[in-house]
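A quick write-up on the structure given underneath.
The values are calculated or read from the model by the stated rules, or taken from the named source; none is laboratory data. The structure displayed is predicted, hence computed values, not measured ones. Here Cβ is always computed from backbone atoms with ideal geometry, including for glycine, and neighbour counts include all displayed protein chains. Please note that ligands, DNA and RNA were not included when accessible areas were found on the heavy atoms of the full protein model with its side chains. Shrake-Rupley method; radii C 1.70, N 1.55, O 1.52, S 1.80 Å.
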Amino acid sequence: MTISSHSDVVLITGANQGLGFELSRRLASDYPGYHILMGSRDTGKGDAAVDILKPEGLSVEAINIDVTDEESIKAAAAEVESKFGRLDVLVNNAGIVAEGKMPTGTSLQETFRACFDVNAFGPFLVTEAFTPLLKKSHNPRVVFMSTGLGSITDRLNPDDQCAAFQFPVYRSSKAALNMIMAHYAALYAKDGWKVNANDPGFCATNLNSYRGWNTPESGVVNAVRLVTLGTDGPTGTFSCTEGPVNW
Ligand SMILES: NC(=O)c1ccc[n+]([C@@H]2O[C@H](COP(=O)([O-])OP(=O)(O)OC[C@H]3O[C@@H](n4cnc5c(N)ncnc54)[C@H](OP(=O)(O)O)[C@@H]3O)[C@@H](O)[C@H]2O)c1
């Protein structure tokens, strides 16, 4: 298969482990023609992830992208342009929980900045950098990996199933991410872009020290749906596998 024969070129940030890795595997397995660019901030980890999926015959390749580093983002966009000339789907998946995970002595301000850098500013910068390539797709799609913890409505509900989880830094970074999603959905609605936010549910990954009650396999079901939307699909939505999520 030559590069130009790929039906859809998909870039997933933070794809060397967790949900990004599982989403790469699912898409490349179930959607022949899809070519998955597995983003990682560490080339060694990215190559190792590709080395797991390539022997399964999957159409994947590693790409280095640190979403907090503008030079890295620009270099990744230049690489995609020179190899493919377009991008069909961008999945802003890379994310962190900073609370409780920063080195001892880290200030609250540094914790906030670190979390927003990866979870909100990064996806904005990445989407900006890849916009010219998305504009060259026949069906541009952007998926933002959000979370129900970013729902303001649910945070105000004392009976919400996650009411006991505080994480104000993580929650607010994802509420900001939802607004970034809404910005792009509104901006490119007239051009037919499908821009949506996904809540994967609470899945056992490195992010939560593998305490999630769902599997990564189940966590990517709705993301797959959003990545593979047709030209008549919805835009500007926030959903999980079961349906819409409260804003
Ligand atoms: N797991 C859940 O229950 C859950 C629930 C709701 C939402 N989410 C969201 O789903 C997304 C994926 O999370 P996950 O659970 O799969 O976590 P994970 O297993 O920890 O994976 C996170 C990925 O993001 C990457 N990453 C972190 N900082 C980065 C940066 N500066 N530049 C590029 N990549 C970076 C990590 O790279 P390294 O391997 O180098 O650290 C890793 O590949 C996140 O946005 C998260 O907020 C997860």
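Scan region 158-179 and report the pairs whose first residue is of a type in the set (S, T, N, Q) and whose second residue is not in a loop (DSSP other than H, G, I, E, B), with Cβ atoms within less than 6 Å and a gap of 6+ or a chain change.
As it stands, the answer is Ser173/Cys115; Ser173/Phe116; Ser173/Asn119; Ser173/Ala120; Asn178/Gly150; Asn178/Ala197, since those pairs meet every condition given.
Looking only at region 60-97, which residues are polar (S, T, N, Q) and within 13 Å of the ligand (Cβ to nearest atom)? Before the answer, list the steps.
Residues of region 60-97 that are polar (S, T, N, Q), as a first pass: 64, 68, 72, 82, 92-93.
Matches in region 60-97: Asn64, Thr68, Ser72, Asn92, Asn93.
Can you tell me which condition Pro32 does not meet? The list is (1) surrounded by fewer than 19 Cβ atoms within 10 Å (Cβ to Cβ); (2) touching a residue at least 40 places away in the same chain (Cβ under 8 Å); (3) more than 14 Å from the ligand (Cβ to nearest atom), and all the others hold.
The one condition Pro32 does not meet is (2).
Hey, can you tell me all the residues within region 11-29 that are within 10 Å of the ligand (Cβ to nearest atom), among the polar types (S, T, N, Q) and surrounded by 22 or more Cβ atoms within 10 Å (Cβ to Cβ)? Give the derivation first.
Restricting attention to region 11-29, the residues satisfying the condition of being within 10 Å of the ligand (Cβ to nearest atom) are 12-23.
Within this subset, residues satisfying the condition of being among the polar types (S, T, N, Q) are 13, 16-17.
Correct list: Thr13, Asn16.
I'd like the full set of residues that are outside any helix (DSSP H, G or I) and open to solvent by 50 Å² or more (accessible area, probe 1.4 Å), limited to region 102-120.
Taking region 102-120 as the starting set, the residues that turn out to be outside any helix (DSSP H, G or I) are 102-107.
Met102, Pro103, Thr104, Gly105 - these are the residues of region 102-120 that are outside any helix (DSSP H, G or I) and open to solvent by 50 Å² or more (accessible area, probe 1.4 Å).
Residues that are within 14 Å of the ligand (Cβ to nearest atom), open to solvent by less than 60 Å² (accessible area, probe 1.4 Å), without any contact (Cβ under 8 Å) to a residue 40 or more places away in the chain and not charged (D, E, K, R): does region 229-246 have at least one?
no
Please work out if Ala78 is touching a strand residue (DSSP E or B) at 6+ places or on another chain (Cβ under 6 Å) and at pLDDT 95 or above.
Numbers: touching a strand residue (DSSP E or B) at 6+ places or on another chain (Cβ under 6 Å): no; at pLDDT 95 or above: yes.
It is false that Ala78 is touching a strand residue (DSSP E or B) at 6+ places or on another chain (Cβ under 6 Å) and at pLDDT 95 or above.
Looking at Tyr210, Tyr184, Tyr188 in this structure, which one is open to solvent by less than 30 Å² (accessible area, probe 1.4 Å), over 18 Å from the mean Cα position of the chain (by Cα) and over 16 Å from Glu99 (Cβ atoms)?
Of the residues listed, the single one that is open to solvent by less than 30 Å² (accessible area, probe 1.4 Å), over 18 Å from the mean Cα position of the chain (by Cα) and over 16 Å from Glu99 (Cβ atoms) is Tyr188.
Select from region 213-223 the residues that are open to solvent by 20 Å² or more (accessible area, probe 1.4 Å) and either modelled with pLDDT of 95 or more or away from the ligand (no atom under 12 Å from the Cβ) (or both) and list them in ascending order. Before you say what the answer is, go through the steps one by one.
Here is the first cut: in region 213-223, the residues open to solvent by 20 Å² or more (accessible area, probe 1.4 Å) are 213-218, 221.
If the condition is that a residue be open to solvent by 20 Å² or more (accessible area, probe 1.4 Å) and either modelled with pLDDT of 95 or more or away from the ligand (no atom under 12 Å from the Cβ) (or both), then Asn214, Thr215, Pro216, Glu217, Ser218, Val221 are the ones that fit.
Go through the residues of region 52-63 one by one and say whether even a single one is closer than 14 Å to Thr127 by Cα and under 17 Å from the mean Cα position of the chain (by Cα). Quick ask: steps written out before the conclusion?
Restricting attention to region 52-63, the residues satisfying the condition of being closer than 14 Å to Thr127 by Cα are none.
No, that holds for no residue.
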